Structure formats: structure tokens, C-alpha cells
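Below is one structure; the comments refer to it alone.
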Amino acid sequence: MARRSSPTPPPEDFEERILDIDVVDEMQGSFLEYAYSVIYSRALPDARDGLKPVHRRVVYQAAQMGLRPDRGYVKSARIVGDVMGRLHPHGDQSIYDALVRLAQPFSMRLPLIDGHGNFGSLGNDDPPAAMRYTESRLTAAAMSMVESIDEETVDFAPNYDGSEEEPQVLPSAFPNLLVNGTSGIAVGMATNMPPHNLTEVVAAARHLIRYPNADLDALMRHIPGPDLPTGGQIIGLGGIRDAYETGRGTFKIRAKAVIEDVTPRRKGIVVTELPFTVGPEKVIAKIRDLVNAKKLQGIAGVNDLTDRNHGLRLVIEVKNGFVPEALLEQLYKLTPMEESFGINNVALVDGQPLTLGLKELLEVYVDHRFEVVRRRSDFRRRKRQDRLHLVEGLLVALLDIDEVIAIIRASDDAAQAKERLMERFSLSETQTAYILDTPLRRLTRYDRVELESEQQKLTAEIAELTEILESDTVLRKVVSDELAAVSKKFGTERRTVLLDSDAVPVAAVPLEVADDPCRVLLSSTGLLARTPDLSTPEADGEHRRARHDVVVSAVPATARGHVGVVTSAGRVLRLPVIDLPQLPSSAQPPVLAGGASVSEFVKLDAGESALALTTLDESSPGLALGTELGVVKRVVPDWPDNKDEFEVIALKEGDRVVGAVELRTGEEDLVFITSDAQLLRYPAGQVRPQGRPAAGMAGIKLADDATVLSFTAVDPAADALVVTVAGTADALDGLGQGTAKATPFDQYPRKGRATGGVRCQRFLKGEDRLVFAWAGPAPAVAATANGSPAELPGRDPRRDGSGVPVPKPIAAVAAQ
């Protein structure tokens, strides 16, 4: 048995020192140090660039490796290895997880990594492949995050071992924190921020730059709510406002689903958008559990038809005998097809974790961009000043090049030549050294011209940079213009629909939704929506417009009823009112939350457009239609109940409907306006009602090469206007840009049907036709093709007078 060796005695000069430390103090200090490390170095993003340290290091290191969008992909493992070896003192898996998130289009509203390979799926149902299989490079948006980082725009600090330096923040040319959002759990705090639309965020930031004292309401006109990468619908705008005001709030995200015929004899619920971070497998698993527990009935099967080319498509088949709308409502209640999102805007500001509202988040970012542009301008000015100093020295030498050469040849060495040149020409040491290093072949007359040109250019650039540094107004304009350029380059349309909590959540079965009165609206940009009970004109006016868009058709209806969409092909498409998004009762112009494109509800053929709405009320005087070739028709209101679409006029080849209106009394005047500026009005009673298959009758006599531009019906007893815009045939794409005229309707006399009418505008030199026309009740509002407001001219009593120039092209006019 081996003997235990005795411990080595301490050296003779060893002095024992024992420190008594309170364990509470030691635990408190150690925990605070650990907590600070997690908060500052791992879990929370910087409010300036919106990145946590690991994400910042991935983007920065990839940029240092030259992984630009125009270069080839490299293995993700190579990026992870370089980040871990140079900058990030943690495991490779955390680095790869961060890289993967930056590449996922369903996690990032504007991805910063362009991934090649399997980078996972929504809800992490399909995990990403290992880093040795995937490839990566930076996106163009990521390059804007690191743009000008080598121009002393941000501070650098030593890495974990002091061998290299890394940026403490990226220049961040766009507000990444708001655009891409973030989530993280620190010690004693957490952050959870949803993504937003880049175009909206930049618009709010630019508004704040222009108006530093702007309030939250002004900013929310630009940012009405989050815009999630996965789309869906957000319900509960009150929680969003709370979050924008206090930094904390909650809203609900609902999947986008439609009812379709999935088989010839079976309907199904087709889900095309799911709540943020929810994957189809999670929904399928929950449905199976509910079906097995007999808490959900009516489901015949669930098929996940999602693929990378067509996106999400989850088909839930409904058993015969069950109402799909009622089942969809149950799915929203019982499955992750509707989830809550809690906003917690916690980010680091000057190293301190703070809970920030929308304005504070924008202010921190805007101040960061001011600092970046200021430091960049100072750096560039110093570089140009140094270069100008050298150019001026060369120009001095070129003025007497023979003497310069003689001094150099007569000198014993370079030091003596340098000293003599400095003394003779009053040059600085830097200028003299540069002259001595410059080859003689550059000191020619041609190079002198180049140097003088470069001198002028440098002087101008230095003056511009100095103006930026010395003028706060110029600095603000530069930052605002750069943000606008980023928005134009990377901006996309909104994906998430915003709905107030007062809006009807789903298209429910009649037994579950009251058949309340409502009004269905069609806007000039093709948006459909329904209002709540609009029994008063004042209530109607609150919901007429979306982003200054004008409502071209509005009909009364009930929530469970149907309306018809009249198209340019002479068809009426039946539309269930319950399927339309309902406007929130709290909405104020110009925002119309929840309006959706008409193409989402009816299928239009190529070249076919939606013109107007009709109530499908058989007790009304019926529809009045006008075609491009001058045909008029009053349709007998005999609508088939068993058809979702039907024709209301037999059009000749090459003809199309240009106007449709549902008559209210039958006493209206029908109004044609042609491209050669002829207006014809006559009582609707002159047109005999016909059945749906009929082709109509002659409505207006057209001149050669003239066509009907507008057809409307106007109450002759009401105050009405005629708006016309003249231009040229080559400017038809301008949608009404030219000279406009607004004339009282009563200035035009009645004529007989099928006559030529009277002149409604006189053409000026260079004008040869009308490019837009409208007749209807006054007062009226106008809009451009994208829905922005357009100005109408004042009333002109001359029925055949010429127009006045309009600043914006008019695409639509409607009663205010």
C-alpha cells in the first residue's frame, strides 16, 4: 500500500493573508457583473444600429472579408470561424444562429445576409442545415449598414484579447431596429420589438428631422403600426399606440385565410399567411390535438402545400355539412392562427438599458446619423485638405520647373535639396517631400492642367463639406436625403393589414353576425371596404378616403348581404359584403385602415377593371351603362340568385364599358363626355330599360376618331360640376395632366338621345383631346393615380372656355 506524501511546506518568506468577505456582498457584486455582461454584451441591441454584439460582429466581419452582393457565396462556417477567432469570445453555434436569423426573410423585414441553402423555415419546423453546408454573403442592405465605416464615422474598441479592434456601433444607413425588430432575454429584463415597413419608418424619421418637436400623432401618420415579414392581420390598434407612447403594448396577429373549393365537392380553408414566428407544423399539431380531444369538429384533413417557390399554403379541408366560416372562427379562437404579440421596446442608449417609445427610438437613430454624417464630413474634409496642400505645392513647382530641377541637381543629397526648395519657394516639408517623390514625367503642361482642375474640384468639395459641418440646416438636409435614397432603393409595399379591434374579425355565418346596415366603398385605386352603420352624412364623410384616395362608388348594403361589382367588360360580379374588411369606427381621414384590393375578392380578366358598385336591389330603377363607342343601356334589375357573375350588356367587338351607375329615382340626367370635348345630357327616361342580354341603343353621336371618355348620371336639381382636362394623345399616360376646367353642370343644356352634344372645353394650342372628364355632385375632390391629392381649378361659368394648368395629373374625381 502506497504511503500518502506529506504536503509541501510553504516557503520561509510566505506570509499568510486571509480576507473576510461577506458572502452577500460577494454574490451581489458577482451577479451584477454577470448581469451587466449579459445585458450589454449579449441580449440587448444598441438603439442606434439595432444590433446585438454578435449580429454586429457577423455583419462587420463579413464586410471585412469582402463578401459583397456582387461576389460569390462562401461557406457559412468560414464566416463563423472568422467571427469567433477575431471578435466573438463565445461558441460557434450562437454565432451561426445569429447569422441564420439575419438571412431569414420570415424573421427579418429587410434581411442582412443573403443565404444559399437551407436556412430554416417559419416557426423552425424545418431547422437550418449545418454551417458546413450553407453559404452566405451580405445583402445590399447590409452593405449600407457598414457604408463609410472606414471614414472614422464610429468608435472602435479592442476585441476580447486586444489583438484587433471592432466597431462599437455600425453607421447604419437605415433605422434597422425599427425595420427588423429584435428579441432577447437578459437578466431581469427582456426586449421584444416587431418589424416595421422601411418606407414608413424613413418617412417618420424624415418628418422628425424636419420637425423635431413633432408629437406621436404626427409620427403615427407615417407609421400606423408594425409590418411583419409574414404578413397577416394586426387587430387592436390601441395596444400599438400604447407601445409607441410608453414602449410597452400588446396586439393580436391573425392569419390570412380564404374559403376555396379544394375539391369539386368540398370546400376548404386555405391559409396563406400565419402570425409572426408561427409555423404551419405548430398549427397542424394543435388542430390534431383538438380533433382527437373532440373539441374541434368538421375538419376532414389538413395538408401543408408550402414550398419555397409559392410560399405558405396550408389547406384545411371542411367536411360536408359544416360551414367553413364558422369553422374558421373556431380556428382563430383555439389554434395559433391568432396569437398575441407583446411589444417591449428595451434597447441600450449610451450603454444603459431603457424602455423607449416610438419618438425616442427615432430620435436616438436620427442623432446617430447626425453624428455619423458629421464625422464622415470632417474626415473627408481633412483628406481633401491634405490632398489640396500637396496639389498646391506641385503647382508652385510647375511655375518654375527649371529652377526646381537646377536646385535638385546642384544639391549634394536629398536632404539638402529638400531644405533649399523649402527656403526658395516657401513650401512645407510635406509639399517638398511630395515634389521630390514625384517623377519628372508628371511635371508637364498637361499635368498642370489636370492639377489645376483637381485644385478647383477639391476647393469646391471642401466648401461643401465645411457647409455641412457648420450649418445644422444643411446637415439635416443631407441626412434626410440619404434616408430618402435608402427608402427608394430598399422600400417595399406593406404586407400586414391593420384592423381596429372594432372591425369584424372574420367572415362569420349569418347566425353569428347581425345583418346590420353598412355601406360598401370602392376607391379610385381599387380598394374595397365596408363601413359600420352610416346613417348620417357626417359619419359617411369620416371614412371616405384613404391616403387622400377618393371614393368613386358607394352603395348601401347589409353585413350579410351582397353587392355587385360592375366591370369594363359588361359583367356584374357578386360580392359578399361580409368578406370585405370593415373600417374602424375610430378611423380619421386620411387613413383608411383595412381597405383591400378588389382583386382579392373578385377575379378580373386581363384588361378588365372594376368601374362601380351596385346594390343588386330589384326594386331600384336599375343600372345605366355607357360604352366607349357611344352605346347607352338601362338594365332591367333582374339579377339571377344562382350566379356569382353575369353579363349586363352584349358589347360589340372592340367596345368596353366606361361608366356605370345605379339609378336612384330614374329622374337623373345621363351624361356623356367624349374625347373631342363634347358633352351630351338627356333624361334617363329617354332610354328604354332592356333585359340583361340586350346590346343597348345609341347614346351619343360620335365624331370620327372620337370616343366616350366619361359616362355618369347626375341629379338635375342638385348642385353639380363638370370637370374636364385637356391634353394631347401622346400624353394619355399622364392621366389628366394638362389644362383643367370645372364648370357648373347647369351651364350645359339638355339635348336628345343619340345627338352630338355641346362643347365642354376649348382646346389651347398644342391640345387635341380631353384626357380626363367627370360630371357629378359638388363639392368634389380629386386624386392622382396613386391616391395622393390633386388640386381642382375654381369654377368657370363658361361652358366652352379653355382650361388652366394643373400641377398634378388628375386620375379620379368624386363628390366630397
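What residue, of VAL373, VAL404, VAL349, VAL391, is modelled with pLDDT of 90 or more and farther than 21 Å from ALA173 by Cβ? After ruling out the rest, the residue left standing is VAL391. The set of residues in segment 145-180 that are of a type outside the set (Asp, Glu) and on the phi > 0 side of the Ramachandran plot comprises SER148, GLY162, SER172.
Residues in segment 785-804: is at least one hydrophobic (A, V, I, L, M, F, W, C), in the same structural domain as LYS701 (by TED's automatic domain parsing), in contact with a Leu (Cβ under 6 Å, 6 or more places away or on another chain) and within 23 Å of THR707 (Cβ to Cβ)? Scanning segment 785-804 turns up at least one residue that is hydrophobic (A, V, I, L, M, F, W, C), in the same structural domain as LYS701 (by TED's automatic domain parsing), in contact with a Leu (Cβ under 6 Å, 6 or more places away or on another chain) and within 23 Å of THR707 (Cβ to Cβ).
Pairs are defined by a Cβ separation below 6 Å, a sequence spacing of at least 6 or placement on different chains, a first member in segment 282-303 that is within 16 Å of ASP125 (Cα to Cα) and modelled with pLDDT under 90, and a second member that is of a type outside the set (Phe, Trp, Tyr) and surrounded by fewer than 13 Cβ atoms within 10 Å (Cβ to Cβ); no pair meets this definition. With respect to the conditions (1) within 29 Å of GLY803 (Cβ to Cβ); (2) in a strand (DSSP E or B), LYS701 falls short on a single one, namely (2). If you filter segment 115-136 down to residues that are out of contact with any helix residue (DSSP H, G or I) (no Cβ under 7 Å at 6 or more places or on another chain) and not hydrophobic (A, V, I, L, M, F, W, C), you find that the one that is surrounded by the most Cβ atoms within 10 Å (Cβ to Cβ) is SER121. Among the residues of segment 65-87, those identified as over 16 Å from HIS116 (Cβ atoms) and free of Cβ contacts under 8 Å to residues at least 40 places away in the same chain are GLY66, GLY81, ASP82, VAL83, MET84, GLY85. The residues in segment 252-283 that are more than 16 Å from ILE299 (Cβ to Cβ), in a strand (DSSP E or B) and more than 26 Å from the chain's Cα centre (by Cα) can be counted, and the count is 1.
Just need a number here: residues in segment 104-117 that are more than 20 Å from PRO275 (Cβ to Cβ) and in contact with an Asp or Glu (Cβ under 7 Å, 6 or more places away or on another chain). Residues that pass the stated criteria total 2. All conditions in (1) surrounded by 18 or more Cβ atoms within 10 Å (Cβ to Cβ); (2) in contact with an Asp or Glu (Cβ under 9 Å, 6 or more places away or on another chain) hold for ILE316, with the sole exception of (2). Counting only strands (runs of 3 or more DSSP E) that fall entirely inside segment 712-816 and contain at least 2 residues that are without any contact (Cβ under 8 Å) to a residue 12 or more places away in the chain, no element qualifies. Inclusion of VAL154 among residues that are outside the structural domain of SER480 (by TED's automatic domain parsing), within 30 Å of VAL373 (Cα to Cα) and in a helix (DSSP H, G or I) is not warranted.
Within segment 655-668, the set of residues being over 38 Å from the mean Cα position of the chain (by Cα) and over 24 Å from VAL563 (Cα atoms) is empty.
Here's the yes/no breakdown for (1) outside the structural domain of ASP402 (by TED's automatic domain parsing); (2) at pLDDT below 95; (3) charged (D, E, K, R):
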{"site": "GLU419", "(1), (2), (3)": "no, yes, yes"}
{"site": "SER428", "(1), (2), (3)": "no, yes, no"}
{"site": "ALA433", "(1), (2), (3)": "no, yes, no"}
{"site": "LEU436", "(1), (2), (3)": "no, yes, no"}
{"site": "ARG448", "(1), (2), (3)": "no, yes, yes"}
{"site": "GLU454", "(1), (2), (3)": "no, yes, yes"}
{"site": "VAL479", "(1), (2), (3)": "no, no, no"}
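Which of the residues belonging to segment 87-120 are of a type outside the set (Gly, Ala, Ser), in contact with a strand residue (DSSP E or B) (Cβ under 8 Å, 6 or more places away or on another chain) and not in a loop (DSSP other than H, G, I, E, B)? The answer is LEU99, VAL100, LEU102, ILE113, ASP114, HIS116. Whenever a residue of segment 220-249 is among the basic types (Lys, Arg), its partners that are modelled with pLDDT under 95 and not in a helix (DSSP H, G or I), lying with C-beta atoms within less than 8 angstrom and at least six residues away or across chains, give the pairs ARG221/VAL591; ARG241/GLY249; ARG248/GLY342; ARG248/ILE343; ARG248/ASN344; ARG248/ASN345; ARG248/THR355. Scanning segment 600-626 for residues that are over 18 Å from GLU668 (Cα atoms) and not in a loop (DSSP other than H, G, I, E, B) gives GLU600, ALA610, LEU611.
The values are calculated or read from the model by the stated rules, or taken from the named source; none is laboratory data. All of these numbers come straight from a predicted model, not from anything done at the bench. Neighbour counts are summed over all protein chains in view; Cβ atoms, including those assigned to glycine, are modelled from backbone coordinates with ideal geometry.
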